[in-house]
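Each remark here refers to the structure printed beneath this line.
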Amino acid sequence: MHSLPWIILFAPLLAAAGITLFTLRNPARSALLSVSAVAVAFVLSVVAFLVFPAPSAPVELSGVWLAVGSLQVEFGVRLDPLSLVMLLIVTGVGGVIHVYSCGYMRGDRGTGRYFACLSFFTFSMLLVVLATNFLQLFIGWELVGLSSYLLIGFWYERESAAEACKKAFLTNRLGDVGFLLGIILVWATLGSLHFGELAAVLETTPGALGAVASLAGLLVFCGAMGKSAQFPLHVWLPDAMEGPTPVSALIHAATMVAAGVYLLCRVFFLLEATPAWPDAAPAWLDGITALGVVGWIGGVTALLAALIAVQQDDIKRILAYSTLSQLGYMMMAVGLSAPVPAMFHLATHAFFKALLFLGAGAVIVSLHHEQNIWRMGGLHARMPATAWTFLIATLALCGVPPFSGFFSKDAILAAALDPARGSGGLFLVGVAVAFLTAFYMTRLVLVTFQGTPRSAPASEAVETSPVMKWPLVVLAVPAALAGFWSIDRFLDRHFHPAAAAPASGWFEQWVAPLVHAPLAVLLSLVAVGLGFYTAYLLYRGAATDPLPAKLGLLARGMRAKFYLDELNAWCIRLTHDALARLADWIDRWIIAGVMVRGTHGTTELVGRALRLVQSGNLQTYVLVVVLGIAAVLWLALGPRP
Amino acid sequence: MTAGLEHYLGVSALLFGLGLVGVLLRGNLILMYLSLELMLNAASLALVAFDRFNGTRNGQILVFFIITVAAAEVAVGLALLVALYRKRQTAQVEDLTGMKL
Amino acid sequence: MPLLTTIIVLPLAAALLVALVPRDLRFGIRLVALAATLADLILATVLFLQFDPGTAGYQCVHRVPWVSALGIEYHVGVDGVNVGLVLLAAVVAFAAACASWEIRSREKEFYLLLLIMAGGVLGAFASLDLVFFYGFHELALVPTFIMIGVWGRGEEREYATFKITLYLTLGALLALVGLLALYLQLPAGDRTFDVERLTAYFQAHPMSEAAQQWIFPVLMFGFGILVSLWPFHTWAPPAYSAAPTPTAMLHAGVLKKFGLYGLIRIAVPLMPEGAQRWLPVLAALCLGNLLHVGWVAMRQENLNRLFANSSVAHMGFAFLGIASLTQIGLAGAVVVMVAHGFLAALMFGLGGHLWQQTRTLEMNDLGGLLRQAPFLGTATIMAMLAGCGLPGFANFAGEVLVLFGASKTVTLASPHTWVALAAWAGLVIGAVYMLRAVRRIFHGPLAGHSAGVPDMSGWRRVPFVLLLGALMVFGCFPRGLTDNLQLPAALIVAPAAPRAPALAATPAAPGSPPAAMPRSSAMP
């Protein structure tokens, strides 16, 4: 049991190292190494899940990584319900995607490098999941960002991929600064970095963080904003689709982007601490709590991304914006003090969104890297397995019962209606997003799979190879059924260890949402139905998008992603680039120019003046010497006053 | 009338002054050189005179050194002068201002 | 001969040997240099491994009396602070000797100077006597100037040589004035240059406040100029882009750290009051390094100039660590010094190799190199990522320690501002210029001068693998450095500590808590 988590953690790292050092030029062996590492990790995770002691005392193993004075950082692994769920998702979904990658990357000359990066990503993600303390989590956090950078830029010779990976890394870095400052603030205040200790302290004294409570919570949330691509740091995620599609599925849909949500659930005790601002802070901050900000940022992201998704034409970009929108949902749940539904939705989302991306990848490969949905169509007949699994995932995403997404999404909406912590505004946002989700997903499915083929590759497409087909089928199972696996009640053990929910049969589980919050269920189902219906009316058999003509300016805004990229570029030009220009100018003209060259110039001027004395005539020199001696003698021997 | 210290020193000062004027005013390097030797000899004369009237021997030893070094100096200096003359075809100090910056 | 003395003497003896080898025997000259530095590397590793972090005071001490009338003796020894620096110097010296293959003219003189520089820098870090401390530094510094002037490259070579010579001579002179003033503070009978005795004396009889107030800034600016403290940094970019590769590696990697070492070893522990008064000034100036030079680096079009500016910017972290006057910050500063030493050597080594292949380092002329030269590309990208503080490389450990330390600093009015700005500089500005360079040089389609560049092969990879390995070993196991630093760092900041509560009690900045709350559970 004691070596178990260590093996889970380090198996992928060993695979990455092994591939880099030995089998970089051998695609088959690299794939084998990578897949077996993640398989080992998955099997051991299942074992860990099964032997995990029933009442939830976390299992922790650690050693000291860094210790100076009062700063002590451990390197360890922590197994509790929260990390176990993530462990299973990362290794399970990850494993399926590893297998799928073997088919997707066939023939690419960088396959060895691809699998090395993929294994390295798995390691870093596990580091985030299993971390026992803030700094260890931050290390994993940065390494996850690195592997994402390497994989987005996998085809780095393409200008667009090279730009995208740079953008992703830098945007993430912006969030990470806040995260690191939050960590330092927490440490400076409470003197510990360890999650268990901090949670214990804050549980007994919720006001322990004093005046910095809200600030610390928001700073940590900055990290989550970067990695989970929340508004306004969301701009990197759609561009990240430049990476290979399995990477989009694993990193930019199922696991890494969900790490922000995981982080907030992991440090939920911090967000729950008594909100307070420093005395010097402006008065308008008083009513604002960290949780409120988290909720509304999530809500805005969900709505904005869903709106943009409606008018995208690239199959991966639609899914990317859908991911953003769902991540916004999860953030919203965290902000509503409902970490369990957030994690629940994270889990189901990982299944169905990974499935959607893998399906999209299958389509893209069959169509020889065509990504525009308006050049597809009629694929249902030609690729039945892909189409059916895609449909299952779509229904799950839209929240149609009894698919998994229904339960998790409903739990979030129910939390928004909760009289104590809920928020009417966020509930309306949630319902609107449910409508938009159903709308754009119906548009995607109808345009891609129905109708008639609208391009030559689409009319010749065939079902993909088994190594890519079977992962779809495997993932379709949890995408459909994960709602019944009582993930939420397992997670309850972590967040509410006292109030363990009683076990119940599958039927009770099925109707549970109806019993708990009938209004939420009904409204969201109506919204979803409306979404299906409008999209069906608009896009059935359509060959071009009818929406721009109907919506005009709004559609143009959606298509242009509401000009947020341009806005960001403009901001950066105004701030950092301008400052860099200024600093360079100062360095060149003031410091190296006026100051250094000024000193140099003065010295040289004096030298030039003195040079006139230097006539070169020997006798003049002698005369000066004689006069000098005479003067010295006069001073030494002359009359004294 | 016996010659006192002041007479010796007067001769020495006269010699030194002549030498100095020579160095300052004559343009030919050889003549400047001769004037320089004159000044050196004036200094030697003064040393010997002081020595004689103070009853010590140190000054005389110093003079021996001066004579020896002066001989070496003349050898090196004249050789340099000849070499310079061969190169520049002049020994006039006004023409030798190559060290000017 | 004692281990430490052997380490110092070996390169100098090898220099003597090189002087005796005939000029035509290029292979022999090279072999002597490589063998000597390799042996040094092995010995320094042995020294590092057998160092015992648990004992206070100096280890591996060796004393030979020299001019006892003036209190000068040859005295070397290591504690947790300089044991890492000696290892750094030995590793970089070997790497620089390996990278010297690019020198094709007057090889004998070059290797001679390189070995003298290596010996000097090792001696400077190991010496515990101010005369040797300073003398060894000069021994290493003078060859730097000659090497840049004679073997340098580019049109700016002469200007760069002038500039670095004037600046560093000025810095060294200021430091000399400060060190002599320290010596003269002792009563006439007890005067000594011995660091250990000086420290003990001034801890027993604190120096007068007035003396501290002028000697500390003289030392601070003197040492600061040697480390390219803003605004005295403009010598660095032209000098490093003109310097031959091995010289840039040794100077930027190792010799430059002498100033920081001097601050840590001499200025701070001997003059606690001076430190409290003047370190806030240093903290303010280090923002110039971090932010101003960081922004300047963003505008560079030449890879070596980018590396040089980033190297100046990174010194800001070391200065901030020292200025924080905390055990954590000081330990962080030393880790930054070691990590940046490996990194700077790596960067300039790789830049030099690239220059050899393409004869240009202008980013506009390069592009798509990663496909063309995978090893060179990967190593450079790794170096750049280490430069923007990625975990897994030693720089991260150092920078994080500095930030943690700075948040607890007692000399600054609002430490959190400094922490925030430094974190911004390290995480964002650093990442911007490094990733832009990666994007322009290594990513994208193959362009211009990149075509036909051969990848690095065989033994030429050795120095870079070694340096990367060192960065990663200390990045994954920072305790290798920090355990050694626990004790000495606490001792160095201790004299300034008694005043700490008084300062901390003054109204804290917005964002800083009133007091740490009692902990319910102790750390395991």
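The values are calculated or read from the model by the stated rules, or taken from the named source; none is laboratory data. This is a predicted model, so every value here is computed, not measured. Cβ: placed from backbone, ideal geometry, glycine included. Neighbour counts: every protein chain shown.
Assuming A:Ser148 fulfils every condition listed in (1) part of a loop (DSSP other than H, G, I, E, B); (2) of a type outside the set (Asp, Glu); (3) surrounded by 24 or more Cβ atoms within 10 Å (Cβ to Cβ) apart from one, which condition is it?
Of (1) part of a loop (DSSP other than H, G, I, E, B); (2) of a type outside the set (Asp, Glu); (3) surrounded by 24 or more Cβ atoms within 10 Å (Cβ to Cβ), only one is false for A:Ser148: (1).
Consider C:Leu421 carefully, then state whether it is within 11 Å of chain A (Cβ to nearest Cβ), out of contact with any Lys or Arg (no Cβ under 6 Å at 6 or more places or on another chain) and surrounded by fewer than 24 Cβ atoms within 10 Å (Cβ to Cβ). Explain how you work it out, then say what you get.
Values: within 11 Å of chain A (Cβ to nearest Cβ): yes; out of contact with any Lys or Arg (no Cβ under 6 Å at 6 or more places or on another chain): yes; surrounded by fewer than 24 Cβ atoms within 10 Å (Cβ to Cβ): yes.
Against the criterion (within 11 Å of chain A (Cβ to nearest Cβ), out of contact with any Lys or Arg (no Cβ under 6 Å at 6 or more places or on another chain) and surrounded by fewer than 24 Cβ atoms within 10 Å (Cβ to Cβ)), C:Leu421 qualifies.
Can you tell which of A:Ala258, A:Ala254, A:Ala211, A:Ala240 is within 14 Å of chain C (Cβ to nearest Cβ) and either among the basic types (Lys, Arg) or in contact (Cβ under 8 Å) with a residue 24 or more places away in the chain (or both)?
After applying the criteria, what remains is A:Ala211.
Tally the residues that are more than 7 Å from chain C (Cβ to nearest Cβ) and over 11 Å from the mean Cα position of the chain (by Cα), restricting the search to the range A:139-162. Steps first, answer last, please.
Step one: list which residues in the range A:139-162 are more than 7 Å from chain C (Cβ to nearest Cβ), which gives A:140-141, A:144-145, A:147-152, A:154-155, A:158, A:160-161.
Then keep just the ones that are over 11 Å from the mean Cα position of the chain (by Cα); that gives A:140, A:147, A:149-152, A:154-155, A:158, A:160-161.
Residues in the range A:139-162 being more than 7 Å from chain C (Cβ to nearest Cβ) and over 11 Å from the mean Cα position of the chain (by Cα): 11 in total.
Report whether or not A:Leu190 is over 19 Å from A:Leu237 (Cα atoms) and touching a residue at least 12 places away in the same chain (Cβ under 8 Å). Please lay out each step first, then the result.
Numbers: over 19 Å from A:Leu237 (Cα atoms): yes; touching a residue at least 12 places away in the same chain (Cβ under 8 Å): yes.
Taking the combined requirement at face value, the residue satisfies it.
Table: residues versus (1) touching a residue at least 24 places away in the same chain (Cβ under 8 Å); (2) within 14 Å of another protein chain (Cβ to nearest Cβ); (3) part of a helix (DSSP H, G or I).
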residue: A:Gly541; (1), (2), (3): yes, no, no
residue: A:Leu554; (1), (2), (3): no, no, yes
residue: A:Arg573; (1), (2), (3): no, yes, yes
residue: A:Ala578; (1), (2), (3): no, yes, yes
residue: A:Asp584; (1), (2), (3): no, yes, yes
residue: A:Arg588; (1), (2), (3): no, yes, yes
residue: A:Ala592; (1), (2), (3): no, yes, yes
residue: A:Thr603; (1), (2), (3): no, yes, yes
residue: A:Gly607; (1), (2), (3): no, yes, yes
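Inside the range C:349-374, can you point out the residues that are more than 11 Å from every other protein chain (Cβ to nearest Cβ) and out of contact with any His (no Cβ under 9 Å at 6 or more places or on another chain)?
Filtering the range C:349-374 for residues more than 11 Å from every other protein chain (Cβ to nearest Cβ) gives C:349-366, C:373.
Scanning the range C:349-374 gives C:Gly349, C:Leu350, C:Gly351, C:Gly352, C:His353, C:Leu354, C:Trp355, C:Gln356, C:Leu361, C:Met363, C:Asn364, C:Ala373.
It is to be established whether one or more residues within the range A:595-618 are basic (Lys, Arg), surrounded by 11 or more Cβ atoms within 10 Å (Cβ to Cβ), more than 30 Å from B:Leu36 (Cα to Cα) and at pLDDT below 80.
Yes, that holds for at least one residue.
Restricting to the range B:3-42, name every residue that is surrounded by fewer than 17 Cβ atoms within 10 Å (Cβ to Cβ) and small (Gly, Ala, Ser).
B:Ala3, B:Gly4, B:Gly10, B:Ala13, B:Gly17, B:Gly27
Table: residues versus (1) more than 26 Å from A:Phe120 (Cα to Cα); (2) in a helix (DSSP H, G or I).
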residue: C:Met384; (1), (2): no, yes
residue: C:Gly389; (1), (2): no, no
residue: C:Asn395; (1), (2): no, yes
residue: C:Phe404; (1), (2): yes, yes
residue: C:Thr411; (1), (2): yes, no
residue: C:His416; (1), (2): yes, yes
residue: C:Ala420; (1), (2): yes, yes
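For the range A:36-53, how many residues are among the β-branched types (Val, Ile, Thr) and buried (at least 20 other Cβ atoms within 10 Å of the Cβ)? Steps first, please.
From the range A:36-53, those among the β-branched types (Val, Ile, Thr) are A:38, A:40, A:43, A:46-47, A:51; that's our starting set.
Restricting the remaining residues to those that are buried (at least 20 other Cβ atoms within 10 Å of the Cβ) gives A:38.
Final tally of qualifying residues: 1.
Could you tell me how many of the residues in the range A:615-635 are out of contact with any helix residue (DSSP H, G or I) (no Cβ under 9 Å at 6 or more places or on another chain) and closer than 28 Å to B:Ala91 by Cα?
Keep residues of the range A:615-635 that are out of contact with any helix residue (DSSP H, G or I) (no Cβ under 9 Å at 6 or more places or on another chain), which gives A:616, A:620-621, A:624-625, A:627-635.
Adding the requirement that they be closer than 28 Å to B:Ala91 by Cα leaves A:616, A:620-621, A:624-625, A:627-629.
Selection size over the range A:615-635: 8.
Within the range C:82-109, track down each residue that is under 24 Å from C:Tyr261 (Cα atoms) and either surrounded by fewer than 24 Cβ atoms within 10 Å (Cβ to Cβ) or aromatic (Phe, Trp, Tyr) (or both).
C:Phe94
Does C:Leu4 satisfy being of a type in the set (A, V, I, L, M, F, W, C), surrounded by 15 or more Cβ atoms within 10 Å (Cβ to Cβ) and under 17 Å from C:Val86 (Cα atoms)?
Values: of a type in the set (A, V, I, L, M, F, W, C): yes; surrounded by 15 or more Cβ atoms within 10 Å (Cβ to Cβ): yes; under 17 Å from C:Val86 (Cα atoms): yes.
Yes; evaluated as a whole, the condition is true for this residue.
Looking only at helices (runs of 4 or more DSSP H) that fall completely inside the range C:235-334, which ones have 2 or more residues that are surrounded by 24 or more Cβ atoms within 10 Å (Cβ to Cβ) and within 14 Å of chain A (Cβ to nearest Cβ)?
On the way: elements: C:236-242, C:245-250, C:257-262, C:272-287, C:293-298, C:303-323.
In the range C:235-334, the matching helices (runs of 4 or more DSSP H) lie at C:236-242, C:293-298, C:303-323.
Restricting attention to the range C:137-165, which residues are touching a residue at least 40 places away in the same chain (Cβ under 8 Å) and among the hydrophobic types (A, V, I, L, M, F, W, C)?
Passing the criteria: C:Ala140, C:Leu141, C:Met147, C:Ile148, C:Val150, C:Trp151, C:Ala160, C:Ile164.
Residues of the range B:1-43 being hydroxyl-bearing (Ser, Thr, Tyr), in contact with a helix residue (DSSP H, G or I) (Cβ under 9 Å, 6 or more places away or on another chain) and farther than 19 Å from B:Leu62 by Cα, which ones?
Looking only at the range B:1-43, we keep the residues that are hydroxyl-bearing (Ser, Thr, Tyr), and these are B:2, B:8, B:12, B:33, B:35.
Next, only the ones that are in contact with a helix residue (DSSP H, G or I) (Cβ under 9 Å, 6 or more places away or on another chain) stay: B:8, B:12, B:33, B:35.
Scanning the range B:1-43 gives B:Tyr33, B:Ser35.
Working only within the range C:191-211, note down all residues that are polar (S, T, N, Q), in a helix (DSSP H, G or I) and surrounded by fewer than 18 Cβ atoms within 10 Å (Cβ to Cβ).
Here is the first cut: in the range C:191-211, the residues polar (S, T, N, Q) are C:192, C:199, C:203, C:208.
With the extra rule that they be in a helix (DSSP H, G or I), the set shrinks to C:199, C:203.
Across the range C:191-211, the qualifying residue is only C:Gln203.
Would you tally the residues in the range C:424-433 being more than 7 Å from chain A (Cβ to nearest Cβ) and either among the aliphatic types (A, V, I, L, M) or part of a loop (DSSP other than H, G, I, E, B) (or both)? Outline the logic, then answer.
Let us first name the residues in the range C:424-433 that are more than 7 Å from chain A (Cβ to nearest Cβ), namely C:425-426, C:429-430, C:433.
Of the ones still in play, those that are also either among the aliphatic types (A, V, I, L, M) or part of a loop (DSSP other than H, G, I, E, B) (or both) are C:425, C:429.
Residues in the range C:424-433 being more than 7 Å from chain A (Cβ to nearest Cβ) and either among the aliphatic types (A, V, I, L, M) or part of a loop (DSSP other than H, G, I, E, B) (or both): 2 in total.
Can you pull out the residues in the range C:405-443 that are over 25 Å from the mean Cα position of the chain (by Cα) and modelled with pLDDT of 85 or more?
Those that are over 25 Å from the mean Cα position of the chain (by Cα) and modelled with pLDDT of 85 or more: C:Arg436, C:Arg439, C:Arg440, C:Ile441, C:Phe442, C:His443.
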